[in-house]
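Please read through the structure below; I'll follow up with questions.
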Amino acid sequence: MRVSRAFRLPIIAVMTALALSGCMQTTGPVAVAQPQSDLDYMAYGQPYNAAPAYAAAPPDSGGGGAIAALRNSFASSPHPYASAPAVYDAAPAPMVYAAAPAPRAYDSAYRLDAGDKLRVVVYGQEGLTNTYAIDAGGSITMPLIGSVAARGRTPAGLAAEISAKLRNGYIREPSVAVEIDSYRPFFILGEVQAPGQYPYVPNMSVESAVAIAGGFSPRARRDSVTLTHTDASGPMRVVVPLGTPLSPGDTVQVGERWF
């Protein structure tokens, strides 16, 4: 019994020393890069394409046992903040703005007639630059050159005619521009509150002409009107809906409904 006890004590001492040596071994720390603070992470998020940094003990440090296994498990497990990098280089879709519809332009192809008022500009000649009204005969009267026919011409055609007259013994190289100062009026008759003559406004329709005349009377026909339009071929009368465009000098006749 004494002999076996004598062998047992050294064995226990050796086992205790081995256990203490395994537990007392120091290993390299395991450091995980975290955001600076929770507030910073909530405000700014994960930095672009940034991956968490891990610092592990060097392989020759001799670490082992339970602490080494724990360290290896930390290194292999994903960091709670690690995620797939977000794509930030996609350009935002351009905003498309729709273009406003262009108003109808009468100045270039508009045919002049009695009642139109024109602004005639002769560059360098203040005495000739003025506003002229086309009279009932379809002409304007200017200094030096007298009467110039305007009815049926476009503004550009009238400017060319004025230039030709001024070049004939008055100005060597005249430069003339003709603009429409105001259009001739339109007329509206029949079943409206205030029939009569009204100034024309560009881009008018039959419906807006009725509104200018105070609206329909109680007996008016409200789905269509008779429109009289005069062009180079002469006057023309047609029955049109209310959305039909109106031209300077047109006459609108609002009829009476039967029931």
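A quick yes/no check of all residues on (1) modelled with pLDDT under 90; (2) out of contact with any strand residue (DSSP E or B) (no Cβ under 7 Å at 6 or more places or on another chain); (3) over 21 Å from residue 199 (Cβ atoms):
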| site | (1), (2), (3) |
| --- | --- |
| 96 | yes, yes, yes |
| 99 | yes, yes, yes |
| 117 | no, no, no |
| 122 | no, no, yes |
| 131 | no, no, no |
| 142 | no, no, yes |
| 148 | no, no, yes |
| 158 | no, no, yes |
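So which pairs qualify, if the first residue must be in the stretch 148-165 and farther than 18 Å from residue 136 by Cα, the second must be part of a helix (DSSP H, G or I), the Cβ gap must be under 7 Å, and the two must be at least 6 apart or on different chains?
none
Output the number of residues of the stretch 165-198 satisfying the condition of being at negative phi and not in a loop (DSSP other than H, G, I, E, B). Can you show your working first?
The first filter runs over the stretch 165-198 and keeps only residues at negative phi, leaving 165-168, 170-189, 191-195, 197-198.
Remaining after also requiring not in a loop (DSSP other than H, G, I, E, B): 165-167, 176-182, 186-189, 192, 197-198.
Summing the residues that are at negative phi and not in a loop (DSSP other than H, G, I, E, B) in the stretch 165-198 gives 17.
Further question on the same structure: Return the pair list, or none, for Cβ contacts closer than 6 Å from residues in the stretch 114-134 that are farther than 16 Å from residue 145 by Cβ to residues that are of a type in the set (Asp, Glu) and outside any loop (DSSP other than H, G, I, E, B), at least 6 apart or on different chains.
117/181; 119/179; 119/181; 131/181
Counting only residues that are within 24 Å of residue 113 (Cβ to Cβ), open to solvent by 20 Å² or more (accessible area, probe 1.4 Å) and touching a residue at least 40 places away in the same chain (Cβ under 8 Å), give me the strands (runs of 3 or more DSSP E) lying completely in the stretch 199-259 with at least 1 of them. Break it down into steps so the answer makes sense when it comes.
On the way: elements: 224-231, 234-241, 251-254.
Hits in the stretch 199-259: 224-231, 251-254.
Hey, could you check the stretch 165-188 for residues that are farther than 30 Å from residue 206 by Cβ and of a type in the set (Val, Ile, Thr) and say which is surrounded by the most Cβ atoms within 10 Å (Cβ to Cβ)?
176
Take residue 173 and decide whether it is of a type in the set (Asp, Glu) and at pLDDT 95 or above. Steps first, please.
Values: of a type in the set (Asp, Glu): yes; at pLDDT 95 or above: no.
Answer is no for this residue.
Among the residues of the stretch 155-164, is any charged (D, E, K, R) and either open to solvent by 70 Å² or more (accessible area, probe 1.4 Å) or part of a loop (DSSP other than H, G, I, E, B) (or both)? Reasoning before the result, please.
Here is the first cut: in the stretch 155-164, the ones charged (D, E, K, R) are 161.
Then drop every residue that is not either open to solvent by 70 Å² or more (accessible area, probe 1.4 Å) or part of a loop (DSSP other than H, G, I, E, B) (or both), which leaves none.
No - not one qualifying residue is present in the stretch 155-164.
Which one of these does residue 152 not meet: (1) modelled with pLDDT of 95 or more; (2) more than 37 Å from the chain's Cα centre (by Cα)?
If we test residue 152 against (1) modelled with pLDDT of 95 or more; (2) more than 37 Å from the chain's Cα centre (by Cα), just (1) comes out false.
Return yes or no: is residue 126 in a loop (DSSP other than H, G, I, E, B) and over 22 Å from residue 247 (Cα atoms)? Break it down stepwise before answering.
On the way: in a loop (DSSP other than H, G, I, E, B): yes; over 22 Å from residue 247 (Cα atoms): yes.
In short, yes.
The values are calculated or read from the model by the stated rules, or taken from the named source; none is laboratory data. Keep in mind that this is a model prediction, so the values were computed, not measured. Virtual Cβ from ideal backbone geometry, glycine too; neighbours counted across all protein chains shown. With ligands, DNA and RNA removed, areas are computed over all heavy atoms of the protein, side chains included. Shrake-Rupley method; radii C 1.70, N 1.55, O 1.52, S 1.80 Å.
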